[in-house]
1. Can you work out which of the residues in the range 286-301 that are of a type outside the set (V, I, T) and within 11 Å of the chain's Cα centre (by Cα) is surrounded by the fewest Cβ atoms within 10 Å (Cβ to Cβ)?
2. Which residues, counting only those in the range 59-74, are touching a helix residue (DSSP H, G or I) at 6+ places or on another chain (Cβ under 7 Å) and surrounded by fewer than 21 Cβ atoms within 10 Å (Cβ to Cβ)?
3. Show the residue pairs that are 6+ apart or on different chains and have beta-carbon atoms under 6 Å apart, the first residue being within the range 259-274 and in the same structural domain as S87 (by the TED database) and without any contact (Cβ under 8 Å) to a residue 24 or more places away in the chain, the second being among the charged types (D, E, K, R) and open to solvent by 10 Å² or more (accessible area, probe 1.4 Å).
4. Please go through the range 209-250 and pick out each residue that is buried (at least 22 other Cβ atoms within 10 Å of the Cβ) and among the aliphatic types (A, V, I, L, M).
5. Those residues that are over 22 Å from the mean Cα position of the chain (by Cα) and under 29 Å from K316 (Cβ atoms), I need them from the range 352-368; list them, please.
6. In the range 262-285, which residue that is surrounded by fewer than 18 Cβ atoms within 10 Å (Cβ to Cβ) and not aromatic (F, W, Y) is nearest to R32 (Cα to Cα)?
7. Please report, ordered by residue number, the helices (runs of 4 or more DSSP H) entirely within the range 282-393 with at least 2 residues that are of a type in the set (D, E) and not assigned by the TED database to the domain that holds S86.
8. For the range 44-57, check the following and say yes or no: at least one residue is surrounded by fewer than 20 Cβ atoms within 10 Å (Cβ to Cβ), at pLDDT 90 or above and over 21 Å from the mean Cα position of the chain (by Cα).
Amino acid sequence: MASEERDGDVLLQLQPEEIGESDAQLPEHIERCSGLDYNDFFWRFMHKNIPVVIADVSNDWECQNWTVAGVRDQESRDLNSNASASSINFDYLKTKISDCPVPVADCNSSYFNSHTKLELNFHDYLAKWRSGIENQSSNRTAWTSAEVNSNVVPASGDNLYLKDWHLAAQMPDYNFYKVPKYFSSDWLNEQLIQQGKDDYRFVYMGPKNSWTSYHADVFGSFSWSTNIVGLKKWLIMPPGEELKLNDRLGNLPFSIDEKMLDEHHVRYYTINQRANEAVFVPSGWFHQVWNLTDTISVNHNWFNACNIALVWQNLKNNLKAVCNEISDCQQMDNFEAHCQTMLRASFGINYLDFIELLEFIAARRLAEATVATKFLLFDSYVMNDYHVQYDLECLRKITRILTEDSTIQFSPLQLEDRCQGLLRRLEF
């Protein structure tokens, strides 16, 4: 087996890839798996950058108490369910989570190609959501006549989606979920959590017909999304297909639907995600998501040895875009440093941040490889020796690539010295 219990922790048993299994081909449809082996997930899906839906990942999560089981189960059985009762346990949520400010998107309003953002207190958000459900129940016939993809709601009604909420960081003692083993090799959050920085662990809560606009995930990262309750519809496409939708200036559409994708001959997949299922979204796969019912999900963005080269390429591309944007200022003092500052503001990290992440992960993996030290991933998982060595080899490869990059070589920020020092430590 690719994972096993060891002293109460789960040992992630990664084995070398089987010969002849390295070629990645796009599937005819997105697989839905139950009881998937960690090693199989790693090589068949994560390493090949292919989506998958994994069932039965949240059976024992505390946040199952956020739902009303009977209604939740009815929704899970029937994609067209229109149960009048709410599947959300609003009273339990109010007792477990304080009335803190939360980030909310208005799905009925856009601002500069994004949903309008606002901030509400959590209990006020729950009250609005609950009130909306009660108001809808008297007009259910009108609601069910709307097309799934239309996202049409009464003009006077709210369509507020609580998104990108750092609840796990905000309430670290509230263990409301457990990271599934498949997604535990997470260099990004491993560093950020340990160093007490903003992480990429989120909770989403939203009413029926709330939605997330068309996008690819931050940094070119992986993401995973587990439905605690509710049904989601995804339209998702392989890297490169998004170019067929760009306008003549290279701008992406704000929203998509099947009609648009078919007209532009886009290859895409439809996923209907039920409660207790996790969707693995690979790097660079553009997607849009609709909540077909009241929905709560837990989501992470992350990267690791499998996609670190893609993240680096995205970082390089974004620096190039920044430099082009302010090319008329090239003669200014500290132009390179200014570009790195703008890169961090627009992309989320810059070259120094990226190198520091590599240094952090390298230090931990070297400690595991050379001394009797084992770091717990998300307080639950331990990598086997091959997994550690695989990470180290990928760190060597990406660091060698960095040392050959002209921006790093000629940077006045001594980035080359940092990379050369890291490479010496890795090539012990």
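1. Within the range 286-301, the match that is surrounded by the fewest Cβ atoms within 10 Å (Cβ to Cβ) is N299.
2. Step one: filter the range 59-74 for residues touching a helix residue (DSSP H, G or I) at 6+ places or on another chain (Cβ under 7 Å), giving 65-66.
Selection gives N65 alone.
3. H264/K244
4. I228, V229, L231, M237
5. Taking the range 352-368 and keeping what is over 22 Å from the mean Cα position of the chain (by Cα), we get 352, 359, 362-368.
Hits for the range 352-368 are L352, E359, A362, A363, R364, R365, L366.
6. N272
7. Counting at least 2 such residues, we get 351-370.
8. No, the range 44-57 contains no residue that is surrounded by fewer than 20 Cβ atoms within 10 Å (Cβ to Cβ), at pLDDT 90 or above and over 21 Å from the mean Cα position of the chain (by Cα).
The values are calculated or read from the model by the stated rules, or taken from the named source; none is laboratory data. Owing to the predicted nature of the structure, the values given are computational and were not obtained by experimental measurement. A quick note on method: Cβ atoms are made from the backbone with ideal geometry, for glycine too, and the neighbour counts reach across all protein chains shown. All accessible areas refer to the heavy atoms of the entire protein, side chains included, with ligands and DNA or RNA removed. Shrake-Rupley method; radii C 1.70, N 1.55, O 1.52, S 1.80 Å.
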